[in-house]
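Heads up, the thing below is written out as structure tokens.
The values are calculated or read from the model by the stated rules, or taken from the named source; none is laboratory data. What you are looking at is a predicted structure, and each value in this text was computed from that prediction instead of being measured. Counting neighbours? That spans all protein chains shown, and the Cβs are built from the backbone with ideal geometry, glycine included.
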Amino acid sequence: MKKIMRSVLCIALLAVMLLSVTSCAKVRLYVQVDSINSGYEIVNIDSNGNAVGIPGNNAPAVQDTAPVVQDTAPVVQDTTPVVQDTTPAVQDTTPAVQDTTAAPAPSGAPSSTEEVVALYVSAFNKMKSEATKATKTYDYTSNYNNILKIGNNSTLAGIAESLMGKFMVENTEATDFAVTDVPPVGSTSSALTAADVASATCVDNGATYTVTITSTGTDANPEVNPTVGAGSAGKIGQLIETTAITDAVGSAIKFEGLALHYSDCSVTATIDKASGRITDLYFRMPGVLHFDKVTAAVIVSVNDCDIGLLGEQRWTITY
């Protein structure tokens with residue numbers, strides 16, 4: 001566009017120059033190309049041929065008073081409204097998946113002392129009335145807690161060793177017995193109650209229960225001279241009674257203050273859930289043989305002699 005405007009102005013300039021020659025007048029051009037303004041001013045010529053008002057001819061310079069044409073065209077504003085994204089955000093309304101898997105139901109195994117003792121007594125009584133055979137698979141009496149206090153008397157040491165040899169015998173040969181020989185020996189039912197035990201636990205193995213019952217006697221406070229089928233230890237397992245000791249040694253040795261102290265005696269039974277029958281038994285019967293004085297043929301013993309005894313038995317029951 002500017003090239004076209006310059007060509008137009010050149011043509012106009014030539015035309016004005018021709019006009020000035022023919023009219024004996026001086027034309028003053030002013031051109032403002034960039035703003036697309038143009039014009040001319042006629043100036044009088046004096047008798048000497050000089051233009052009046054031309055600088056250098058002692059005439060004031062003609063000031064260009066033509067106003068600068070301002071580009072008043074309004075700036076076109078982009079009034080296109082900004083499109084707002086009014087699409088609502090999609091909320092994930094899918095409910096969270098809750099783990100509704102139920103916690104494993106309690107096994108239903110007896111838990112209180114009363115419940116466990118009742119389970120054992122019921123199974124024990126079924127064994128005594130329904131079993132056809134009882135097989136002892138393990139029988140061992142050993143020294144309990146290394147207790148062997150007999151003083152410095154070699155004769156007494158010999159007596160102690162004799163007693164240990166008499167009772168501390170391990171037998172792993174499976175031997176069949178009548179069901180009545182299962183401890184407590186001679187019993188046809190159990191008289192055990194919750195009051196007779198220090199603890200009673202039951203483990204659920206799926207098809208079976210493992211029941212463990214412990215007597216009330218402790219090392220600090222043992223049961224003294226309990227009898228078979230009576231007291232706490234006597235209702236749980238097989239005891240060595242004082243008469244068994246005196247009968248074993250006969251008249252050659254005289255005991256004074258003879259006592260058997262039992263503590264932490266226990267029975268562990270495997271009970272079939274479906275039938276409620278005992279299939280296996282393990283008895284553990286710790287005790288301490290104590291005597292104040294022992295008299296042999298030629299000597300008198302010192303006081304406070306102790307021999308620790310631990311009797312263990314395992315049984316398998318057949319129906």
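There is at least one residue in the stretch 303-316 that is modelled with pLDDT of 95 or more, among the acidic types (D, E) and either under 18 Å from T243 (Cα atoms) or surrounded by fewer than 21 Cβ atoms within 10 Å (Cβ to Cβ) (or both). If you go through the stretch 185-202 and pick out every residue that is at pLDDT below 95 and surrounded by 15 or more Cβ atoms within 10 Å (Cβ to Cβ), you end up with 1. For the structure I just gave you, tell me whether L289 is hydrophobic (A, V, I, L, M, F, W, C), touching a Ser or Thr at 6+ places or on another chain (Cβ under 8 Å), at pLDDT 90 or above and at negative phi. Considered against the rule, which asks whether it is hydrophobic (A, V, I, L, M, F, W, C), touching a Ser or Thr at 6+ places or on another chain (Cβ under 8 Å), at pLDDT 90 or above and at negative phi, L289 comes out as no.
Within the set A248, A244, the sole residue that is in contact with a Leu (Cβ under 9 Å, 6 or more places away or on another chain) and either of a type in the set (D, E) or modelled with pLDDT under 95 (or both) turns out to be A248. Within the stretch 209-219, if we keep just the residues that are at pLDDT 95 or above and in a loop (DSSP other than H, G, I, E, B), the residue that is surrounded by the most Cβ atoms within 10 Å (Cβ to Cβ) turns out to be G217.
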